[in-house]
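I have placed the structure first, in the form of C-alpha cells, so that the comments after it can refer back to it.
What follows is calculated from the coordinates using simple rules that are stated; it is not laboratory data. Here the structure is a predicted model, which means the values were calculated and not measured. Heads up, the Cβs are rebuilt from the backbone with ideal geometry, glycines too, and the neighbour counts pull from every protein chain shown.
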Amino acid sequence: MNTATVTDLHGPLRRWWGYEEFRPLQERIVGSILAGRDVCVIMPTGGGKSLCYQLPAALDAGRTAVVISPLIALMQDQAAQLAQMGIPGAVLNGAQPPAEQAAVRRQVRQGHCRLLYISPERLARADTLAWLAEVKLSLFGIYEVHCISEWGHEFRPEYRQLGALRQQFPTVPIAAFT
C-alpha cells in the first residue's frame, strides 16, 4: 500500500475532490486503509464512504482496488465521476459485450485502473478470481456490506462468499462499507 502520511492526504483531497477538509472519520479510515488494515465503516448516506476507498486507491499507482457493489448504476456513476476527476476506473459486469469485458480485464491486468467496480456475482466466478490473482491489488472495498445479512440469506447469496477473499488474497486489505 502507499505510505502517504496524513499531511500528504490534504493535497490529493483538494486536487481530486475539491475539499479543504475531511468529513468526520474519513481521514482516520483512509489512514487505516493506507496502512494495510482491514476496516468496517458504518456511516450515514452522504457521509463520504466512497472517498474512503477511492482516495487510497487513487494514491496507489500501478495497483487496483476492487470495489464490490450490488448496483450496476452505482458502479457506472462512480466510475464516470472518477473519470471526470482524472482517476482511471472501470466497471466489469455481464451486461457488457465480451470484447469490452476483455478490454477491461486487460487494462486492469496492466495496472491502468486504480478502481475496478464489480458485482459480488462476478467476483464469485472462478475465472474472475483466477485473473485477479494476476493483478496487483491495493484493496477490496465491499460496498453496501449490510446486504450480507440484512436482506436474508437467499438475496444475493454471493455476498456471503466474500469471506473467501481473505483466504485467496491474505495480504490485500478488505474495507467493508455500509
How would you order 131-138, 99-106, 68-75 from highest to lowest mean count of nearby Cβ atoms within 10 Å? 68-75, 131-138, 99-106
Mean Cβ-within-10 Å packing, highest first, puts peptides 29-39, 83-93, 113-123, 10-20 in the order 113-123, 29-39, 83-93, 10-20
Calculated on alpha-carbon atoms, Rg and Dmax of the range 29-132 in Å: 13.5, 38
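For the range 46-95, report the translational diffusion coefficient in µm²/s to the nearest whole number, using Stokes-Einstein at 10 °C, 1.306 mPa s, and a Kirkwood Rh over Cα pairs.
137
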Suppose every Lys and Arg Cβ carries +1 and every Asp and Glu Cβ carries -1, with no other charges. What dipole size does the range 12-91 come out with about its Cα centre, to the nearest 20 debye? 80
